[in-house]
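Below is one structure, written out as structure tokens, with a few remarks after it.
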Amino acid sequence: MSAEANEKQSFSSLDVPNRLLFYPKTVPNPKNTKENEVLFVMKILTSTQFKELDKYTIEHEPVSSTDLMERAAKAIASELKSRWTTATRFIVFAGPGNNGGDALAVSRLLCNAGYTVQTYLFNITGRLSDDCLNNKKRLENLAGLLFTEVSSQFSFPEADEKDVIVDGLFGTGLNKPLDGGYAGLVKRINASPAKVVSIDIPSGLMSEDNTYNNPSAIVRADLTLTIQLPKLAFFFGENQKYLGEVKPMDIGLSAEGLAAIDCSITVIEPGEVKKILKPRNPFAHKGSMGHALLVSGQYGMGGATILAAKACLRSGVGKLTVHTPDMNNNILQCSVPEAILSHDLSDIRVSKAISTYDYNALAMGPGLGTHEETAEALRTFIRNHPGEMVLDADALNILGNHPEWIPEIPQDTILTPHPKELENLVGTCTDSYDRMAKARELSIKMQLYVIVKGHNSMICTPTGRVIINPTGNAGMATAGSGDVLTGILTALLARGYTANEACQLGTYLHGLAGDIARERLGEESMIASDIIDALPEAFKKLKE
Ligand SMILES: NC(=O)C1=CN([C@@H]2O[C@H](COP(=O)(O)OP(=O)(O)OC[C@H]3O[C@@H](n4cnc5c(N)ncnc54)[C@H](OP(=O)(O)O)[C@@H]3O)[C@@H](O)[C@H]2O)[C@@H](O)CC1
Ligand SMILES: Nc1ncnc2c1ncn2[C@@H]1O[C@H](COP(=O)(O)OP(=O)(O)O)[C@@H](O)[C@H]1O
Ligand SMILES: [K+]
């Protein structure tokens with residue numbers, strides 16, 4: 001820290017020299033550790049719902065709010081003690097609310113455990129929450145603690161890479177982006193060489209919607225010790241740089257209270273998704289396991305058809321017919337001999353709709369192209385097939401070009417857009433939250449299932465629910481992965497799963513197969529066919 005930067009400044013005008021604001025993260029985000037599996041068994045609460053659960057726990061356990069805060073602080077302090085020895089100095093920044101209260105209690109516990117602790121409480125408005133005030137009082141006369149209450153003037157302490165900054169400025173109570181002195185403080189924290197641990201959520205990050213946030217006024221943590229459950233913002237790609245490693249701290253909030261909260265956002269739970277999978281009837285025959293129709297492929301895109309067809313057959317469908325241009329004939333019959341071929345009159349594209357009467361589910365899109373002839377065929381298919389349907393890729397791009405056709409899509413149809421395809425349907429999206437919100441709106445308005453694909457794919461349902469898929473990995477960021485998902489979903493619909501069941505089971509299995517392929521081959525060299533090859537094991541694993 002330069003002498004200039006270390007001068008005393010008015011807190012409200014604290015600014016930061018524009019240098020090395022962010023440093024590389026050294027703590028990996030251990031997505032696959034056992035501990036982190038807890039991340040995937042849960043409801044995602046809004047900040048208001050967290051308050052309700054807090055209140056419910058206090059009333060029904062019963063426990064005082066101070067004791068509940070003490071529980072949170074104990075869990076956090078014990079995690080810090082397990083990672084750093086008493087040779088480490090902790091610099092704690094506490095805000096005026098309960099996040100600050102947590103931080104003050106953590107300061108006390110660390111100090112009592114023999115750590116050097118330097119704590120700053122930011123009390124700019126002269127108003128502290130009751131539990132923050134309580135914990136401030138408990139710091140009085142605490143031997144060894146260096147405590148400063150900041151009301152206007154503040155100098156950022158010298159810190160080096162051996163120090164740990166505890167960020168307890170703001171948690172789920174943040175109600176607007178940080179500015180002024182707080183924004184300046186965050187910049188100093190981010191520029192510091194010390195490790196940064198955020199309590200509950202990096203300060204400055206909103207739990208849900210960060211669309212209009214100020215990215216430079218959000219703490220970039222190395223470790224986020226989040227209270228009980230991760231927040232929605234943790235599932236979005238653009239927020240990963242703030243979080244570092246995420247570890248939930250179980251503070252025993254009421255399970256009964258949690259069960260009673262009607263949460264519109266949840267994460268697929270392996271145990272629950274397993275229940276969706278129906279046992280195969282020993283007397284099943286190909287006629288009873290569903291007949292799917294895949295409409296796919298234009299010149300140069302025959303591979304998409306093959307990937308979707310193979311994935312469909314590997315997902316247990318009784319029969320699959322592929323309606324595709326003639327040019328795909330030989331390649332398809334050689335590579336997927338199990339599929340029945342329906343030739344389109346055109347050699348190079350799908351040009352005409354056929355009757356869908358005999359089929360239990362229809363899928364359109366992979367490698368389809370957006371030629372006007374194909375578009376008209378798609379419209380006829382949509383009008384004539386009132387039942388189960390999956391629309392992907394170019395089928396979605398056609399609908400983006402013809403938004404007036406969207407109301408004709410049968411209720412409960414599954415749309416599987418990647419972010420760009422979604423934008424063709426709903427307009428530009430500023431970030432992941434906006435994307436989720438717009439997809440959700442489309443689902444409700446048109447009574448469709450919209451799966452927004454990506455890491456943590458989001459299934460938006462016609463009733464306004466959002467179901468996040470926890471499986472899958474960056475090895476799946478390879479051409480054709482989406483075609484595989486289309487094949488899986490189509491098979492499940494043809495077999496009689498509802499659209500809701502197919503969405504959850506399908507995205508979960510698709511990601512699980514991707515995770516198995518990663519185990520076999522690593523992320524770098526995986527291709528979409530490897531996901532198909534891993535599907536049998538994914539089904540087996542889910543049945544275990
Ligand atoms: N959930 C649970 O069960 C448990 C939760 N616990 C903990 O409580 C935390 C939530 O605490 P919280 O509700 O008091 O909110 P918190 O984040 O401390 O901030 C509120 C203060 O910040 C202020 N303020 C807001 N925005 C601002 C801005 N931009 N710029 C400046 N000021 C701003 C706001 O002032 P206001 O605007 O309202 O006047 C108010 O003073 C949670 O994250 C977790 O750590 C645990 O203790 C135990 C159990
Ligand atoms: N980083 C990732 N983590 C998890 N899943 C991913 C990741 N990248 C891609 N996927 C999955 O792979 C599929 C890619 O679909 P899409 O972009 O439509 O590919 P294509 O059009 O080439 O078939 C989606 O299901 C998506 O969820
Ligand atoms: K925080």
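Every number here is computed from the coordinates shown, using simple stated rules; none is lab data. All figures in this text were calculated on a predicted structure; none of them were measured in a lab. Here the Cβ positions follow ideal geometry from the backbone for every residue, glycine too, while neighbour counts run over all protein chains shown.
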**OP:** Can you check what the Kirkwood hydrodynamic radius comes to for segment 23-263, Cα pairs only, in Å to one decimal?
**Re:** 17.9 Å
**OP:** Add +1 for every Lys or Arg and -1 for every Asp or Glu among the other residues with Cβ under 12 Å from the Cβ of G464, and state the total.
**Re:** +1
Original post:
Once the dipole of segment 215-311 is set up with Lys and Arg at +1 and Asp and Glu at -1 on Cβ about the Cα centre, which of T266, L223, L253 lies farthest towards its positive end?
Top reply: T266
Original post:
Where the centroid of each part is defined by its Cα atoms, how far is segment 182-219 from segment 475-498 in Å?
Top reply: 38 Å
Original post:
So what is the relative contact order for the chain, in percent, with contacts set as C-alpha pairs under 8 Å and at least six apart?
Top reply: 12 percent
Subject >> Computed label-point distance, nm, for sites N112 and W405 using a 7 Å Cα→Cβ extension >> reply: 6.8 nm
Original post:
D262 to T211: FRET efficiency via 1/(1 + (r/R0)^6), r the Cβ-Cβ distance, R0 30 Å, to the nearest 0.05?
Top reply: 0.75
Original post:
Label 7 Å along Cα→Cβ of Y357; segment 267-295 residues with amide nitrogen under 18 Å?
Top reply: 291-293
Original post:
Which of Q153, P279, T498 sits closest to the plus end of the dipole of the chain, meaning its Cα is farthest towards the positive end, when Lys and Arg get +1 and Asp and Glu get -1 on the C-beta?
Top reply: P279
Original post:
Say R0 is 41 Å: what FRET efficiency, to the nearest 0.05, do T66 and Y299 get from their beta-carbon distance?
Top reply: 0.05
Original post:
Cross-link partners among aspartates and glutamates for K247, C-alpha distance below 19 Å, same-chain residues fewer than 8 apart left out?
Top reply: E35, E37, E70, E79, D102, D167, D200, E208, D222, E238, E269
Original post:
Stretched out fully, how many nm does the piece from H343 to E52 gain, at 0.36 nm a residue minus the Cα gap?
Top reply: 98.9 nm
**OP:** Could you give me the percent of Cα pairs per 5 Å distance bin for segment 86-207, shortest bin first, beginning at zero and ending with the bin that holds the maximum distance?
**Re:** 2, 12, 24, 26, 22, 11, 3, 0
Original post:
Which value results for Rg/Rh of the chain when Rg is the Cα radius of gyration and Rh the Kirkwood radius based on the inverse mean 1/r?
Top reply: 1.06
Subject >> Theoretical gain in end-to-end length, K275 to K162 [0.36 nm per residue, Cα-Cα removed] >> reply: 35.8 nm
Subject >> 15 Å beta-carbon shell around P386, net charge (K/R +1, D/E -1) >> reply: -2
**OP:** Stick to Cα atoms and the Kirkwood definition of Rh, then tell me Rg/Rh for segment 362-519.
**Re:** 0.94
**OP:** Against the globular-protein guess of 2.2 N^0.38 Å, express the Cα radius of gyration of segment 249-374 as a ratio, rounded to two decimals.
**Re:** 1.48
Original post:
With +1 on each Lys and Arg Cβ and -1 on each Asp and Glu Cβ, how big is the dipole of segment 23-263 about its Cα centre, in debye rounded to the nearest 20?
Top reply: 580 debye
Original post:
Using the Cβ atoms and a cut-off under 15 Å, what net charge is assigned to the surroundings of E140, where Lys and Arg are +1 and Asp and Glu are -1?
Top reply: +3
**OP:** Quote the charge dipole size of the chain about the Cα centre in Debye, to the nearest 20; the model charges only the Cβ of Lys and Arg (+1) and of Asp and Glu (-1).
**Re:** 780 debye
Subject >> Length gained when the stretch D434-I331 is fully extended (0.36 nm per residue, less Cα-Cα span) >> reply: 32.9 nm
Subject >> Residues K275, K231, sorted so that the one with the fewest Cβ neighbours within 10 Å comes first >> reply: K275, K231
Subject >> Dipole in debye (nearest 20) - segment 402-522, about Cα centre, beta carbon charges: Lys, Arg +1; Asp, Glu -1 >> reply: 220 debye
**OP:** Show the residues, 5+ positions off or on another chain, whose built amide H is closer than 5 Å to the amide H of S198.
**Re:** D167, D222, L223, T224, L225
Original post:
Just how far, in whole angstrom, is segment 84-107 from segment 271-335 if you go by their alpha carbon centroids?
Top reply: 56 Å
Subject >> Estimated distance in nm for a label pair at L142 and S82, the labels positioned 7 Å out from Cα along Cα-to-Cβ >> reply: 2.2 nm
Subject >> Cα-based reach from K310 at 24 Å (exclusive), listing lysines while leaving out same-chain residues under 8 positions away >> reply: K274, K278, K286, K319, K352, K453, K540, K541, K543
Subject >> Karplus (6.51, -1.76, 1.60) ³J(HN,Hα), θ = phi - 60°, over segment 220-234, in Hz, Gly and Pro reported as x >> reply: 9, 8, 8, 9, 10, 9, 8, 6, 6, 9, x, 9, 3, 4, 5
Subject >> Label-zone membership for segment 492-517, site K541, 7 angstrom Cα→C-beta point, backbone N under 16 Å >> reply: 505-517
Original post:
Hey, what number do you get for the chain at 222 nm if only DSSP H runs of n ≥ 4 count, each worth -39500 (n - 2.57), divided across all residues, to the nearest 500?
Top reply: -11500 deg cm²/dmol
